[in-house]
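Working notes, structure below.
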Amino acid sequence: MNAKSWKIIFADNYKMKKNLTIFAFLFGFFLVFSSVSGAAESASIRPTHIILEEIVQLLNDFQFDDAIALFETMDPEESASPHIMLLKASVLSSAGKTTDARSIAEEVSRAEPGNLDALFVLSAIEGAAGRTREQLAVLERIIQSDPENITALLDLASLHVQSRSINNAILCFDQVLEIDPENLDGLLGRAQLHRLQRDPHGAEELLNKAVVLYPQTASPYHERARLYRGMGFLAEALDDLDRAKELDLYDYWIAMDRGHTLLDLFMKAEALEDFERAAALRPRDFLAYVYIAGIKDDLKDHDGAGRAYEILAALNPDYYFGLEGHGLHSMRNGQWLEARDAFAEAYRRAPNEYYYALLAASSYMRVNVTGPRQFLNQAMTRIDRDSIEFFMFRLFFDLTGRTNTGENDMLLRIERETNEINKARMSFYMGQYYDIRGIPSMANRHYQQFKDMNFQSLPEWRLNEWILAERGLIFPY
């Protein structure tokens, strides 16, 4: 795994842990107040611990505004206590109301400068708001007051990792392990930095220790599996991922990493199961669908691949390869208007990929030959007028006017083209052109010419194979 992808996963886990910290903070106060007897039990004001219990339930259902409103129903004296104020600040931060949350946390901190809980809540608020410099300053205040505060040191280490201050992050993790040599977060964090510094043996030593100390915890096995996969020890990585999966069946990244490892081992069907499990765990995350769609295509489940590409395109239109896949499968199924829309959107997001415009136009012309005339005219303004691509656009444009005056010229240009990729692509689009004109024999000749040039990395390749298979010219793809 490269440094960039590792950093993304580290940041993803960090944000998740911070959210859990806020909710743990909430539950902690709930337990405190639920043990207090006789508080605010008048006829007009409900007990605080009952209100807190309802707030917990609302937060579990992500009903933040209703949870915030319940604070106004508490006994005024209790709602003004530092504990409740910090609790409210945490909920406001979770709701994205960071300005209001910060104001409350700062008020408590000013009144009680030694209140570390207030500083921790303030740190979480600044982190949620993306104010890294301010969060760093708050954490340094905590450590100045309590130099052996492991939680603050770990948070500070995570911040340094995100800002790529690796040496500072190492110092923080080393301090944690000096204070507590068996601290799990310290062991895992320091091991990850060993990996980042290309020191796999240092990482393995710490991860082995973590596995021994925490045999019933998934994360040490998971991190060691990532290390082994990066070192090329795929069987060992899979063993660790099997154990991690047993311990935590609902971890998204364990499912994703197990899928990747199985792909490395050429076990596509088994990998698909893990990527589909990951998609079920995070149905709004597009990444798993990238692999689901590709694997299903490879396994000849084209209908399943088409559905996966459609989901992928809906979840993340900026990932235009998803739109491309959706468009190709829509063409395969004769869903011409869906294909047109997918390719047109892909072209809008990747205007340098001219072939998306040709595929959009070709799809639309199956329904309405004159329909894409204005679209093609606009697309031609972006293309070098001396290029072979321009003349192919012009050929399609002329056909929308029901003429074919440039056909022979285009065939000569393809024959003389020296760029083999351009030559192959233009052969494919001549096949499309003849299909639109209703001359399948000529279309097939150009599709076969494209196939013979064997540029399998081009997106048109899959569509060309489907066309030839459907017409009985090759074995089904």
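Quick rundown of the values:
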| item | result |
| --- | --- |
| The chain, helix-only ellipticity at 222 nm - DSSP H runs n ≥ 4, -39,500 (n - 2.57), divided by all residues, nearest 500 | -24000 deg cm²/dmol |
| Packing-based order for 363-373, 144-154, using average beta carbon neighbours within 10 Å, highest first | 363-373, 144-154 |
| Fully extended contour minus Cα-Cα distance, from THR151 to ARG385, at 0.36 nm per residue | 78.0 nm |
| Principal-axis tilt of helix 200-213 within the chain, Cα atoms, nearest 10 degrees | 50 |
| Packing rank of 443-449, 400-406, 122-128, 79-85, where each peptide gets the mean count of other beta carbons within 10 Å, highest leading | 122-128, 443-449, 79-85, 400-406 |
| Relative contact order (%) - criterion: Cα under 8 Å, at least six apart; region: the chain | 5 |
| Estimated inter-spin distance, ILE421 and SER163, nm [label 7 Å along Cα→Cβ] | 4.1 |
| Reachable aspartates and glutamates, given that their alpha-carbon falls under 18 Å from the alpha-carbon of LYS268 and they are not under 8 places away in the same chain | ASP239, ASP242, ASP257, GLU276, ASP297, ASP298, ASP301, ASP303 |
| Neighbourhood net charge (14 Å Cβ-Cβ; Lys/Arg +1, Asp/Glu -1) for PRO113 | -3 |
| Angle between the chain longest axis and helix 218-231 axis [Cα atoms, degrees, rounded to 10] | 40 |
| Check: the chain dipole with +1 on Lys, Arg Cβ and -1 on Asp, Glu Cβ, in debye | 2300 |
| Gain upon complete extension [ASN454, ILE143; 0.36 nm per residue less C-alpha separation] | 105.7 nm |
| Answer label for Rg/Rh (Cα atoms, Kirkwood Rh) (calculated), chosen among [x] 1.06; [y] 0.95; [z] 1.11 | [z] |
| Folded to 0 to 90 degrees: helix 407-416 orientation relative to the chain principal axis, Cα | 70 |
| Separation between Cα centres of region 349-393 and region 225-291, rounded to whole Å | 40 |
| Lys, Arg +1 and Asp, Glu -1 on Cβ, resulting dipole of region 302-470 about Cα centre, debye, nearest 20 | 320 |
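The numbers here are math on the coordinates, done by the rules we state, and not lab data. Fair warning: this is a prediction, and the values are worked out from it, not measured in the lab. Glycine gets a Cβ as well: all are built from the backbone with ideal geometry, and neighbour counts include every protein chain shown.
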